[in-house]
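Note sheet for the following structure.
The values are calculated or read from the model by the stated rules, or taken from the named source; none is laboratory data. Just so we're clear, the structure is a prediction, and the values are computed from it rather than from any experiment. Don't worry about glycine lacking a Cβ; one is built from the backbone with ideal geometry, like all the others, and counts go over all protein chains shown.
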Amino acid sequence: MQIQSLKPVLRTWDIPGTIDFYTEILGFECNAYDADWGWAVLIRNQVELMLSGPNEHEGDRSPCFTGSIYFVCDDIDELFDRIQDRVKVCYPIADFEYGMREFAIYDNNGYLLQFGKELENG
């Protein structure tokens, strides 16, 4: 068996606001949205995120995720400069000893989003 892709599904109580965050701030496109189903698909280049409203059978009360979503980017400095004043920053852009230049922000739901680029001499 070969795993061919990964498509995270983020649970949100504000699908329209989350669509706005990812499209207006991070440059994704909304490829599909069904308000009745509480579901949307966001795409940028080869990256796809799905959004889902709360599921009554799972007993959700608020967004919950114990990890982060890590995006690998080519022009990390331009991205950080463009969005840093429009988002809640977890940590600012910096070079790390493990060979990455990265920063982290929170989306409108509180999910941690990290952005990184491998250092050329890393």
- Note on the structure: Among (1) over 19 Å from Gln114 (Cβ atoms); (2) in contact with a Lys or Arg (Cβ under 9 Å, 6 or more places away or on another chain); (3) among the hydroxyl-bearing types (Ser, Thr, Tyr), Tyr22 falls short only on (1)
- Task: Assess whether Ile83 counts as being surrounded by 13 or more Cβ atoms within 10 Å (Cβ to Cβ) and free of Cβ contacts under 8 Å to residues at least 40 places away in the same chain.
- Result: no
- Message: Filter the range 21-58 down to the residues that are in contact (Cβ under 8 Å) with a residue 40 or more places away in the chain and not in a loop (DSSP other than H, G, I, E, B) and list them by number.
- Response: Phe21, Tyr22, Ile25, Glu48, Leu49, Met50, Leu51, Ser52
- Looking only at residues in the range 79-101 that are charged (D, E, K, R) and closer than 27 Å to Ile15 by Cα, which one is nearest to the chain's Cα centre (by Cα)? Lys88
- Give the range 1-13 a look and list any residue that's farther than 15 Å from Tyr106 by Cα and either touching a helix residue (DSSP H, G or I) at 6+ places or on another chain (Cβ under 9 Å) or assigned to a loop (DSSP other than H, G, I, E, B) (or both), or say none. Met1, Gln2, Ile3, Gln4, Ser5, Leu6, Lys7, Pro8, Trp13
- Quick check: is even one residue across the range 66-78 free of Cβ contacts under 8 Å to residues at least 40 places away in the same chain, closer than 20 Å to Arg11 by Cα and in a loop (DSSP other than H, G, I, E, B)? yes
- Task: Taking Ala40 as the residue in question, decide whether it is farther than 22 Å from Gly116 by Cβ and within 15 Å of the chain's Cα centre (by Cα).
- Result: yes
- Note on the structure: Across (1) over 27 Å from Leu119 (Cβ atoms); (2) in the same structural domain as Leu119 (by TED's automatic domain parsing); (3) part of a strand (DSSP E or B), Asn108 clears everything bar (3)
- Among (1) at pLDDT below 95; (2) closer than 19 Å to Gln114 by Cβ, which single condition is Glu56 missing? (2)
